[in-house]
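Heads up, the thing below is written out as structure tokens.
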Amino acid sequence: MDEATFRYWPARAADWGVDYRQSLRDRPVRAQTDAGAIAGEIAQSPPEAGEAMERIFEDFETVIMPGMTHWQHPRFFAYFPANAAPVSVVAEYLVTAVAAQCMLWQTSPAATELETKMLDWLRQAIGLPADFSGVIQDSASSATLAAVLVMREKALAWNGNRAGLAANPKVRVYSSDQVHTSIDRAIWVSGIGEENLVRIPTVGERRAMDCVALAAAIETDRKAGYVPAGIIACTGGTSVGACDDIAEVVRVAREHGLYVHVDAAWAGAAMICEEFRQLWQGVEGADSVVFNPHKWLGAQFDCSAHFVRSPDDLVRTLAIQPEYLKTHGQDGIMNYSEWSVPLGRRFRALKLWFLLRFHGLSGLRQRWAENLAERLRNEPGFEIVTEPVLSLFSFRHAGGSDADAHNLALVKAINDDGRIYLTQTRVDGRIAIRFQAGQFSMTQDDAETAFKVIVELSKKVV
């Protein structure tokens, strides 16, 4: 691609992006294609000769885009949001153009030093004390895996990486059943094994871990010859927003010498508002905390903020320093590749710098409060299953002889309709429908559309 062509196409792509964002309300939220339809439009073999950009871009619009679910749509109410504020998108253009590999300080000093400053900005914004240090991981899954590896190594006196798990006693980790499945995966990948993830029952409206049961499980395991290693607590669990009593979890952990990791992947962004910090009261006593600016805060995916009380423990667990990765002649530098499982690192800090400077914390704190839960509560046939936690609640509609099948049919009808997008979960073994509001561009009209669609289709689904 020559310079003139390279100048033209990024500008055209940027213009397309603006038009795309403006057109979202006219598009169905979820892709309406059948499985395999997009693959069927793509050639079976790679081209021998190159093709014109005009043709490629045309195929992007006509072949690829019909198969895209629109995560920036103002009526995307499924899962948690992946907000990409326009200013973050601009920063990502620059990151892509520079195309740096930021694995070491010497491979891009600005990337490392900006990351240090941006994580400290975020630490201050969410109210964590100054003895936490931060690193940007690609996702909360990676941050949790790193935390699980640290708790494993500390529990095994740093002998797991060296001698292997077969040479050590079995390690136990504790959580409720409300944590994200990334915790299960971290347990698998770390070699601890699913049978050694001990599920603690929950209590109360917030579905918090029963800390009496937690302490009893730790004591029982220790007597049985296991090595209790750590506890994974959640604030704003994915299913219905469960919140553990972090202060009590930390108390139990300290009593038994265990590491505490707090998964606040979605809800952590809300902590820029002091009035919500009661949801994770006691978090200052944790060893590790993660939240995703790429969910609710507006940073383009991927960008996960991982805070640790002891960076030395994280580096001791993950760092490998062959000669070719050493930086000579500089003192006090940070190599964030030693804080992460992957060696390679993108320049993720730049979008945080643009985002926080452009909006300011006050701009990011502005939020739209919706009353959809109350309206559905007062609508005949509807039941609020779990009360709102921040922007998330779940509901159920009465109908048919099989309530679960009826509500699954309602979710399908809603998503096939295209005007809004919802997903389902299970609460106490029964199907419930999740609703979460979190898009930057959502308005009262979008909430009104959601209410109308849910009620309208509930009358049609038998």
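The values are calculated or read from the model by the stated rules, or taken from the named source; none is laboratory data. What you are looking at is a predicted structure, and each value in this text was computed from that prediction instead of being measured. Quick reminder, even Gly has a Cβ in these numbers, built from the backbone with ideal geometry, and neighbours come from all protein chains shown. SASA here: full protein model, heavy atoms, side chains in, ligands and nucleic acids out. Shrake-Rupley method; radii C 1.70, N 1.55, O 1.52, S 1.80 Å.
Of all residue pairs spaced 6 or more apart or on separate chains, those with beta-carbon atoms under 9 Å, a first member in the stretch 210-233 that is more than 10 Å from Val252 (Cα to Cα) and a second member that is among the polar types (S, T, N, Q) and open to solvent by 20 Å² or more (accessible area, probe 1.4 Å) are Asp210/Thr202; Tyr226/Thr220; Val227/Asn168. Mind checking which residues of the stretch 271-299 are more than 18 Å from Val179 (Cα to Cα) and of a type in the set (A, V, I, L, M, F, W, C)? Once the filter is applied, which keeps residues that are more than 18 Å from Val179 (Cα to Cα) and of a type in the set (A, V, I, L, M, F, W, C), the stretch 271-299 yields Met271, Ile272, Cys273, Phe276, Trp296, Leu297, Ala299.
Take Ala11 and decide whether it is outside any helix (DSSP H, G or I), surrounded by fewer than 11 Cβ atoms within 10 Å (Cβ to Cβ) and of a type in the set (Gly, Ala, Ser). Full working, then the answer.
Values: outside any helix (DSSP H, G or I): no; surrounded by fewer than 11 Cβ atoms within 10 Å (Cβ to Cβ): yes; of a type in the set (Gly, Ala, Ser): yes.
No; evaluated as a whole, the condition is false for this residue.
Of all residues in the stretch 423-459, those satisfying the criterion of being over 28 Å from Leu297 (Cβ atoms) and among the hydrophobic types (A, V, I, L, M, F, W, C) are Ile431, Val455, Leu457. Scanning the stretch 183-209 for residues that are of a type in the set (A, V, I, L, M) and under 22 Å from the mean Cα position of the chain (by Cα) gives Ile183, Ala186, Ile187, Val189, Leu197, Ala208, Met209. Residue pairs whose Cβ atoms lie under 8 Å apart, sitting 6 or more positions apart in sequence or on different chains, and linking a residue in the stretch 22-49 that is surrounded by 10 or more Cβ atoms within 10 Å (Cβ to Cβ) to a partner that is hydroxyl-bearing (Ser, Thr, Tyr) and not in a loop (DSSP other than H, G, I, E, B), are Val29/Tyr421; Arg30/Tyr421. I'd like the full set of residues that are in contact (Cβ under 8 Å) with a residue 60 or more places away in the chain, surrounded by 20 or more Cβ atoms within 10 Å (Cβ to Cβ) and more than 27 Å from Arg206 (Cα to Cα), limited to the stretch 421-462. Across the stretch 421-462, the qualifying residues are Asp446, Ser458.
Can you tell me how many residues within the stretch 50-78 are part of a helix (DSSP H, G or I), without any contact (Cβ under 8 Å) to a residue 12 or more places away in the chain and either in contact with an Asp or Glu (Cβ under 7 Å, 6 or more places away or on another chain) or among the aliphatic types (A, V, I, L, M) (or both)? The qualifying residues number 2. Among the residues of the stretch 204-216, the ones that are within 18 Å of Gly282 (Cα to Cα) and not in a loop (DSSP other than H, G, I, E, B) come to 6 in all. A search for C-beta distances below 7 Å between a residue of the stretch 173-200 that is charged (D, E, K, R) and any residue that is in a loop (DSSP other than H, G, I, E, B), counting only pairs 6+ apart in sequence or on different chains, returns Arg199/Asp177.
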